[in-house]
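Report on one structure; see the data block that follows.
The values are calculated or read from the model by the stated rules, or taken from the named source; none is laboratory data. Note that the coordinates shown come from a computational prediction; the quantities given were computed from them, not determined experimentally. Cβ sites come from the backbone with ideal geometry, for glycine too, and all protein chains shown count toward neighbours.
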């Protein structure tokens, strides 16, 4: 029973900020939905249409199909700062273009730390020891181009969740669970596209991406009868370069996302069923309200390959009846030679009653290194690596 209570407690923490917790927690391991990097974190957490750095492993792995060279990055964030708890996550990424396989291999490691907990006896409050709770995921992927304009990407993920370190009483499970999942994504980034009527070629200035992530079996902490679905998610994103001259560029991003989990008070569909049932278990109007919207602007100044400076701003909105998250984001970044640094700031205080929201004042920091890219073979929208 204590394992269940620990699970509920941690789920409640996530429940304050994660869509997956609405209606008593629709899915387990919600850390798989956290926006993991500072760049996208600064543009309202809208990255599936942009997806042109190693963080695309999360947002849309197909975007990496248009990149060359090598990149590594690490992101750190203290999570839910208003709680003053030992909650943090780290995100490490790696991508490498290999000409012999006509694509890129990728890897990422996500680690979410929930802090230390006291282990007590069955009959009283006596402390028997201390254990650390965490969620972690290792992701391996591959991205390649089907044509000059189309890219595809695939990820395979191993998920480890440790809410307790040993069984309690007569419970079958130990509070430790393992599962797997995979992602399928595509990206359209045309070299030439002439808008009808106005006869303007906007090729190379926009992209459209779709990512279907966290497809996989339920995760079990106690027994199979109490297994929980993982947060399968559908994401559709757009990016458009509004301004592009010798020293300046301005990019607009827009994402729509929907959690594809279908469950009631006693049962939940398997992920391959929820791909369809999650779109029709409510009225059409409610299904539309269930879609999360995020958008942002990213401005770059400088010369690619030399020094670049970026400013970012964004907005995230979720319907009040389906999670009620809404916040503004801001960020900045620099690129110098092969090095880069990004940070983002999330605030809810600009909205009524948001001053004490647990997400308020969230900061993310990212350090990255990218080298070996071939400019004429690399097609990303930013003026960065």
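List the number of the failed condition for residue 63; all other conditions in (1) over 22 Å from residue 215 (Cα atoms); (2) in contact with a strand residue (DSSP E or B) (Cβ under 9 Å, 6 or more places away or on another chain) hold. With respect to (1) over 22 Å from residue 215 (Cα atoms); (2) in contact with a strand residue (DSSP E or B) (Cβ under 9 Å, 6 or more places away or on another chain), residue 63 is out only on (1). Does residue 258 fit the bill of being over 30 Å from residue 333 (Cα atoms), surrounded by 16 or more Cβ atoms within 10 Å (Cβ to Cβ) and at pLDDT 90 or above? When the stated conditions are applied, residue 258 does not pass them.
What do you reckon, is residue 65 surrounded by fewer than 22 Cβ atoms within 10 Å (Cβ to Cβ) and either within 19 Å of the chain's Cα centre (by Cα) or part of a strand (DSSP E or B) (or both)?
On the way: surrounded by fewer than 22 Cβ atoms within 10 Å (Cβ to Cβ): no; either within 19 Å of the chain's Cα centre (by Cα) or part of a strand (DSSP E or B) (or both): yes.
It is false that residue 65 is surrounded by fewer than 22 Cβ atoms within 10 Å (Cβ to Cβ) and either within 19 Å of the chain's Cα centre (by Cα) or part of a strand (DSSP E or B) (or both).
Which residues, counting only those in segment 136-171, are loosely packed, with under 15 Cβ neighbours inside 10 Å and either at pLDDT below 95 or over 17 Å from the mean Cα position of the chain (by Cα) (or both)? Passing the criteria: 146, 147, 148, 166, 169, 170.
What's the total number of residues in segment 80-97 that are touching a strand residue (DSSP E or B) at 6+ places or on another chain (Cβ under 7 Å) and farther than 25 Å from residue 212 by Cα? Let's see the steps before the verdict.
So the first thing to find is which residues in segment 80-97 are touching a strand residue (DSSP E or B) at 6+ places or on another chain (Cβ under 7 Å), and the list is 81, 85-97.
Right, trim to farther than 25 Å from residue 212 by Cα and you get 81, 85-88.
Final tally of qualifying residues: 5.
Out of segment 198-232, which residues are closer than 30 Å to residue 251 by Cα, assigned to a strand (DSSP E or B) and touching a strand residue (DSSP E or B) at 6+ places or on another chain (Cβ under 6 Å)? 201, 206, 207, 208, 209, 210, 211, 212, 213, 214, listed by residue number. Name every residue in segment 68-99 that is part of a helix (DSSP H, G or I) and on the phi > 0 side of the Ramachandran plot, in order of residue number. Scanning segment 68-99 gives no hits. Looking at segment 325-343, which of its residues are in contact (Cβ under 8 Å) with a residue 40 or more places away in the chain and closer than 16 Å to residue 54 by Cα? If the condition is that a residue be in contact (Cβ under 8 Å) with a residue 40 or more places away in the chain and closer than 16 Å to residue 54 by Cα, then 333, 335, 338, 340, 342, 343 are the ones that fit. With respect to being modelled with pLDDT under 95, closer than 25 Å to residue 355 by Cβ, under 13 Å from the mean Cα position of the chain (by Cα) and surrounded by 24 or more Cβ atoms within 10 Å (Cβ to Cβ), residue 36 falls outside the description. Determine, yes or no, whether residue 340 is more than 19 Å from the chain's Cα centre (by Cα) and assigned to a loop (DSSP other than H, G, I, E, B). Here the answer is no, as residue 340 does not meet what is asked.
Output the residue which, of all residues in segment 346-357 that are surrounded by 18 or more Cβ atoms within 10 Å (Cβ to Cβ) and in contact (Cβ under 8 Å) with a residue 60 or more places away in the chain, is farthest from residue 89 (Cα to Cα). Checked segment 346-357; the qualifying residue farthest from residue 89 (Cα to Cα) is 357.
Which condition number in (1) closer than 23 Å to residue 300 by Cβ; (2) free of Cβ contacts under 8 Å to residues at least 40 places away in the same chain; (3) surrounded by fewer than 14 Cβ atoms within 10 Å (Cβ to Cβ) is the one that residue 195 fails? Going through the list (1) closer than 23 Å to residue 300 by Cβ; (2) free of Cβ contacts under 8 Å to residues at least 40 places away in the same chain; (3) surrounded by fewer than 14 Cβ atoms within 10 Å (Cβ to Cβ), residue 195 breaks only (1). When residue 309 is tested against the conditions (1) surrounded by fewer than 21 Cβ atoms within 10 Å (Cβ to Cβ); (2) in contact with a strand residue (DSSP E or B) (Cβ under 6 Å, 6 or more places away or on another chain); (3) touching a residue at least 40 places away in the same chain (Cβ under 8 Å), the lone failure is (3). Looking at 78, 53, just one residue is at pLDDT below 95 and within 22 Å of residue 328 (Cβ to Cβ), and that residue is 78. Applying the set (1) over 17 Å from the mean Cα position of the chain (by Cα); (2) in a strand (DSSP E or B); (3) within 30 Å of residue 175 (Cα to Cα) to residue 272 leaves exactly one unmet item: (2).
Go through segment 198-215 and give me each residue that's on the phi > 0 side of the Ramachandran plot and surrounded by fewer than 19 Cβ atoms within 10 Å (Cβ to Cβ).
First pass over segment 198-215, keeping only residues on the phi > 0 side of the Ramachandran plot: 199, 204, 214.
199, 204 - these are the residues of segment 198-215 that are on the phi > 0 side of the Ramachandran plot and surrounded by fewer than 19 Cβ atoms within 10 Å (Cβ to Cβ).
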